[in-house]
Structures are given as C-alpha cells and as structure tokens.
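Any read-out appearing in this document is the output of simple, stated calculations on the displayed coordinates, not a laboratory observation. What you see is a predicted model, and the numbers here were worked out from it, not measured in a lab. Heads up, the Cβs are rebuilt from the backbone with ideal geometry, glycines too, and the neighbour counts pull from every protein chain shown.
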Amino acid sequence: MSFKATVLTLYPEMFPGHLGTSLAGRAAERGQWSLEAVNIRDFAEDRHRSVDDTPSGGGAGMVLRPDILARAIDAVSANDGRPRLLMSPRGKPLTQARVRELAEGPGAVIVCGRFEGVDQRVIDKRGLEEVSIGDYILSGGEPAALVLLDAVVRVLPGVMGNALSGTHESFEDGLLEHPHYTRPAEWEGETIPEVLTSGNHAAIDKWRHDEALRLTAERRPDLLAGSGKDAD
C-alpha cells in the first residue's frame, strides 16, 4: 500500500515543489507515495470562482467559505479513511511521533488555509485536525504542507537507503541529535573526539547519548521536562 497525499489549495502550482526531487521524488517514481494537488477554486459556483467572504462580526481580511471547502473535501476523500489535516498556526505542534503515525497510514488529505482563516463550521463538520509546524505565521498553508509531507515521506518504508538513518535523529527518542564528525581527522586545528575512532561501540553509544542529553538541556530543556531523563 502506498501513501496517498491529496492537497487542497488555491495554488496547486506550488506542488510538488522540492518533493519532486531527491529522496521524495525518487520514492514517488517508484510508486511508494503519490501527491495530488487540487484547486479549491474548482468547487466555486459563481463565474468569478469566489472562495472567500468577509468575516462575520467584522474585522480585517477574508475567510474561506465552508460550503466551497466542504465540496472540495467531499470530492477527494469521501469515505476513504485518510485523516484530514488543516495546516494552521493554532493547531497542535507537529511532532516526530505524529509524523510516524501518519506514515503508517494510507495517506492524508491536507487543507492549505489562506486569508484570515477557515470557517469554523467546516473544521468541525469535516473533522479537520489542525496542525502547526511552528509558532510563526506564513502567508498560507502550502509551505507548511510541504514541510509535513517532507517529514512523512522520508520515514516511509524503503525511502531512506539505510533503515537506521531515520531512527538516530533529533526527536526520535525525545532528545536532540548528537554531534557528527567525518574525515579529515584533523581540520583547522580541531580533531575528531577520540572515542569515535576507538572502535569501542559501547563507549561510542554512551558518548552519543551523553552529548544528546547535553545539547537538549542547553537548547531544548522543555523536551527533558517530565521525561525522567537526567542531563547531569
């Protein structure tokens, strides 16, 4: 079973973007996943293909209409079981755990918001899961959708050449990733930590774990809070 992504957007020309190259592009060519970008405007019914209207109660900007977006959602995902995601700065933060959950499923329908937002009724009635990629505002949901799909596609079975590549990374075990080194052994007066060239795999594993703890404590102490992991 391949992972099927359907993106609902006002700018389908933004896809596949970088997902058409490198690991993701090659995986798509092999049939391991697929991407369909659908224009929300195709479901408008007036001659101007209008998709938005003024916010109820007043205020700046425009709001994506529920009837038009619902028609688009129903057309691409009627009873197919895929989760329906709305890229939104007010959504739950995307985590590596959620990425792996999505990768284990049949795919996703991803709605890219624009304007001031999306009518709450369609979010509720169509069961949209709001997802955020960070505490900042983008011009639309398209870049966020590309980020989410990049994270998911790379952990699909068989996409990465080395199966261990996806398990020894930041956030996979609740820690940031340890530092990496490679040849030359000495560069600009700095050498590779001796333990990494010792051949002692137990010592190497311990060094990597200790370094991951140290970096996490320095840069993301929130990841350690309540985890029971000791950075000392």
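When the Gaussian network model of the chain links Cα atoms closer than 10 Å, the mean-square fluctuations of PRO66, PRO12, PRO184 top out at PRO184.
Work the Kirkwood hydrodynamic radius out for the stretch 1-113: mean of 1/r over every pair of different alpha-carbon atoms, inverted, in Å.
On the way: mean 1/r = 0.0638 Å⁻¹.
Taking every pair of different Cα atoms in the stretch 1-113, averaging 1/r and inverting gives 15.7 Å.
Taking 0.36 nm per residue of separation and subtracting the current Cα-Cα distance, fully stretching the chain between ASP124 and SER22 would add 33.0 nm. Using a Gaussian network model of the chain in which every pair of alpha carbons under 10 angstrom is joined by a spring, one finds that among ALA212, ALA37, ALA72 the greatest mean-square fluctuation is at ALA212. Pairs of Cα atoms nearer than 8 Å and 6+ residues apart set the relative contact order; for the chain it is 19 percent. For the chain, the fraction of alpha-carbon pairs lying more than 28 Å apart is 44 percent, rounded to a whole number.
Per residue, the chain reaches -9000 deg cm²/dmol at 222 nm when only DSSP H runs of four or more residues are counted, each adding -39500 (n - 2.57). For the stretch 101-140, with the dipole built from +1 on Lys and Arg beta-carbon atoms and -1 on Asp and Glu ones, taken about the Cα centre, which of TYR136, GLN120, LEU102 lies farthest toward the positive end? In the stretch 101-140, that residue is GLN120. Spin-label model, ASP42/GLU116: points 7 Å from Cα along the beta carbon direction are separated by 3.0 nm. Max-minus-min Cα coordinates of the stretch 57-147 on each principal axis give 42, 31, 18 Å, with the largest extent listed first. I'd like the distance separating the alpha-carbon centroids of the stretch 185-208 and the stretch 115-138, in whole Å. Each part's Cα centre sits 46 Å from the other's. Each peptide in 14-22, 143-151 gets a packing score, the mean of other Cβ atoms within 10 Å over its residues, and the list from highest to lowest is 143-151, 14-22.
Size of the dipole of the chain about the Cα centre, Lys and Arg at +1 and Asp and Glu at -1 on the beta carbon, nothing else charged, in debye to 20? Before the final figure, lay out the partial values.
Values: 26 positive and 36 negative charges, 151 e Å.
Here the size comes out at about 720 debye.
In the chain, which whole DSSP H runs stretch at least 15 Å along their own axis (Cα) and average -1.0 or higher on the Kyte-Doolittle scale? Present the calculation step by step, with values, prior to reporting the outcome.
On the way: long enough: 66-77 (16 Å, 0.71); 142-154 (18 Å, 1.25); 201-219 (27 Å, -1.06).
The answer, listed by residue number, is 66-77, 142-154.
Net charge near ALA78, counting Lys/Arg +1 and Asp/Glu -1 over other residues with Cβ under 15 Å of its Cβ? Intermediate values should be presented prior to the final figure.
Values: positive: LYS4, ARG71, ARG82, ARG84, LYS125, ARG126; negative: GLU36, ASP74, ASP80.
After counting each charged neighbour, the total is +3.
Around the amide H of LEU85, modelled in the peptide plane, lie the amide H atoms of VAL109, ILE110, VAL111, GLU129, all under 5 Å away and 5 or more residues distant in sequence or on another chain. For the residues ARG114, ARG30, ARG154, a GNM of the chain with alpha-carbon springs under 10 Å puts the largest fluctuation on ARG30.
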